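In what follows, a single structure is set out as structure tokens and then discussed.
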Amino acid sequence: MGRRGIKEYRPAEALVLIAADRDHKVLVCPSCNTPTIDRTPALTDQSAGRVSMTCAKCGRSASYLLRASLATPEDPRRQ
């Protein structure tokens, strides 16, 4: 259990899940190995901000901040 009684992934599991999300791979829960991850906001909404991922089966969650450079296909520094 994490803070406030919320089931969270262990740090190594969360990093694996975040890396898969940033690479646009299929999200599979590293704890229970099911592809039932609910991502908020949806993958089509790529504005910079907080991304939350929760497993529908085991209830574990992870979140991270989506950087603006990952949200936009073009890096403004390259223009």
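The values are calculated or read from the model by the stated rules, or taken from the named source; none is laboratory data. Every value quoted in this text rests on a predicted model; they were computed, and no experiment measured them. Cβ: placed from backbone, ideal geometry, glycine included. Neighbour counts: every protein chain shown.
Find all pairs meeting these conditions: Cβ atoms under 6 angstrom apart; at least six residues apart or on different chains; first residue within the range 16-43 and closer than 15 Å to Ser61 by Cβ; second residue surrounded by 15 or more Cβ atoms within 10 Å (Cβ to Cβ) and among the aromatic types (Phe, Trp, Tyr).
Pairs that qualify, where the first residue is closer than 15 Å to Ser61 by Cβ and the partner is surrounded by 15 or more Cβ atoms within 10 Å (Cβ to Cβ) and among the aromatic types (Phe, Trp, Tyr), are Ile18/Tyr64.
Can you tell me which residue in the range 52-79 is farthest from Ile18 (Cα to Cα), limited to those that are touching an Asp or Glu at 6+ places or on another chain (Cβ under 7 Å) and modelled with pLDDT of 90 or more? Quick ask: steps written out before the conclusion?
Looking only at the range 52-79, we keep the residues that are touching an Asp or Glu at 6+ places or on another chain (Cβ under 7 Å), and these are 53-54, 56, 60-62, 69.
Those still in the list that are modelled with pLDDT of 90 or more too: 53-54, 56, 60-62.
Working: Met53: 9, Thr54: 12, Ala56: 17, Arg60: 13, Ser61: 11, Ala62: 8 Å.
Filtering first and then ranking leaves Ala56.
Checking Pro11 against (1) within 10 Å of the chain's Cα centre (by Cα); (2) modelled with pLDDT of 90 or more; (3) of a type outside the set (D, E, K, R); (4) surrounded by fewer than 14 Cβ atoms within 10 Å (Cβ to Cβ), only one condition comes out false. Which one?
Going through the list (1) within 10 Å of the chain's Cα centre (by Cα); (2) modelled with pLDDT of 90 or more; (3) of a type outside the set (D, E, K, R); (4) surrounded by fewer than 14 Cβ atoms within 10 Å (Cβ to Cβ), Pro11 breaks only (1).
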